[in-house]
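In what follows, a structure is listed as structure tokens, so that the remarks can point back to it.
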Amino acid sequence: MEEKFELLIKAVESLKQEPNIFKDYIFPIVSAFLSALFGALIAYFTLKRQESLKIEKEKLDAANKWTLDIQKARSSLIAIKQNYFKDLSSNPTQRVGSVPTILIKAENITESYADLGFIVPTEAEMKKENLKWAQISRVDTLVSNFNALLTMWNHRNRVNEEFKQAILKTFGDGAYLNLTLEDAVAAFGQSGMIILIDITERCLKLTDYLIIETNDFLENFPNVAEKKISLKRLKKYSQLLKYHHDGNEKFLEMLELMPETDYSTVTAIFGETEEQLKERHLTGYEQP
């Protein structure tokens with residue numbers, strides 16, 4: 001009987017494995033460490049990918065927001081120009097009478113430029129091509145001029161209403177559009193006519209050039225932004241807004257400049273030459 005127990009004990013002892021330091025101690029520790037490390041790496045790269053995707057979304061949102069803002073500005077400018085674009089001659093006095101008091105519904109553009117930082121080109125990119133709308137200063141100039149123009153139109157409206165009241169009081173109803181410069185000066189005064197002609201010409205010219213400039217932005221800015229955004233990663237999120245006009249004749253008319261002003265008839269009241277008056281009303285957008 002004892003022999004059987006001894007044989008059983010020996011059999012059990014034979015099944016017992018010899019101690020293994022690596023297997024019993026080192027491997028569990030290393031395994032746990034590697035599991036934690038891989039988990040941390042997965043979390044890190046997942047977070048990094050999410051942050052990268054967020055940045056791309058913010059860039060796309062910013063590009064679309066600016067496109068919509070400038071498109072709205074262009075529509076406002078066209079709405080203003082439609083009040084007079086068919087009626088203007090080259091005579092400054094006639095131009096004053098042909099431009100009515102205009103109800104301005106447009107609002108200033110008040111966006112921050114911080115979200116446009118992504119479009120700034122590298123030196124290498126600037127050498128390859130002229131990236132006009134990759135320059136934030138150019139966008140700033142456009143916005144500043146648009147906001148200033150709205151103020152100018154509102155000021156012109158006030159002066160024009162004063163002018164109309166003076167004409168009505170002096171000559172009665174129906175004389176507004178057929179006035180000579182002498183009649184206008186007699187009713188509104190020399191200084192009043194200088195102010196009205198001056199601000200009218202400034203408004204007309206800047207409106208013309210800003211319609212062209214906003215249209216240029218809408219046609220070319222999306223192409224600049226597209227190179228800086230990973231659009232493939234955003235297919236399920238949104239699309240980059242792009243502008244394509246259909247060649248509509250009425251719209252193309254809006255891109256044409258109004259007739260040049262003949263200052264020869266008003267040099268006497270301004271006390272300046274024609275060249276000086278032309279220079280006075282330069283916008284900065286004229287082609288060299």
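The values are calculated or read from the model by the stated rules, or taken from the named source; none is laboratory data. As the structure is a computational prediction, the values presented were derived from the model and not from experiment. Positions of Cβ are backbone-derived with ideal geometry, glycine not excepted, and every protein chain shown enters the neighbour counts.
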Taking Leu142 as the residue in question, decide whether it is in a helix (DSSP H, G or I) and touching a helix residue (DSSP H, G or I) at 6+ places or on another chain (Cβ under 8 Å).
yes
Leading residue by the ranking (surrounded by the most Cβ atoms within 10 Å (Cβ to Cβ)) among those in the range 111-139 that are among the polar types (S, T, N, Q) and outside any helix (DSSP H, G or I)
Gln135
Got at least one residue in the range 249-268 being farther than 22 Å from Leu142 by Cβ, acidic (Asp, Glu), modelled with pLDDT of 95 or more and in a helix (DSSP H, G or I)?
no
Taking into account only those residues within the range 57-92 that are of a type outside the set (Ser, Thr, Tyr) and not in a helix (DSSP H, G or I), which is farthest from the chain's Cα centre (by Cα)?
Asn91
Here are some residues: Leu149, Leu234, Leu218, Leu142. Which one is aliphatic (A, V, I, L, M), closer than 30 Å to Lys59 by Cα and touching a Cys at 6+ places or on another chain (Cβ under 8 Å)?
Leu149
Test each condition in (1) surrounded by fewer than 18 Cβ atoms within 10 Å (Cβ to Cβ); (2) free of Cβ contacts under 8 Å to residues at least 40 places away in the same chain for Leu277 and report the one that comes out false.
(1)
Look at Lys164 and say whether it is among the charged types (D, E, K, R), out of contact with any helix residue (DSSP H, G or I) (no Cβ under 8 Å at 6 or more places or on another chain) and in contact (Cβ under 8 Å) with a residue 60 or more places away in the chain.
no
Selection status of Tyr209, more than 23 Å from Val120 (Cα to Cα), in contact with a Pro (Cβ under 8 Å, 6 or more places away or on another chain), among the hydroxyl-bearing types (Ser, Thr, Tyr) and surrounded by 16 or more Cβ atoms within 10 Å (Cβ to Cβ)
no
Some residue of the range 227-248 being of a type in the set (Gly, Ala, Ser) and assigned to a helix (DSSP H, G or I):
no
Scan the range 76-110 for residues that are closer than 20 Å to Ala148 by Cβ, surrounded by 14 or more Cβ atoms within 10 Å (Cβ to Cβ) and not hydrophobic (A, V, I, L, M, F, W, C) and report the count.
5
Examine the range 177-186 for a residue that is surrounded by 14 or more Cβ atoms within 10 Å (Cβ to Cβ), closer than 20 Å to Val99 by Cα and modelled with pLDDT under 90, and state whether such a residue exists.
yes
Tally of residues being surrounded by 13 or more Cβ atoms within 10 Å (Cβ to Cβ), touching a residue at least 12 places away in the same chain (Cβ under 8 Å) and polar (S, T, N, Q) across the range 231-274
2
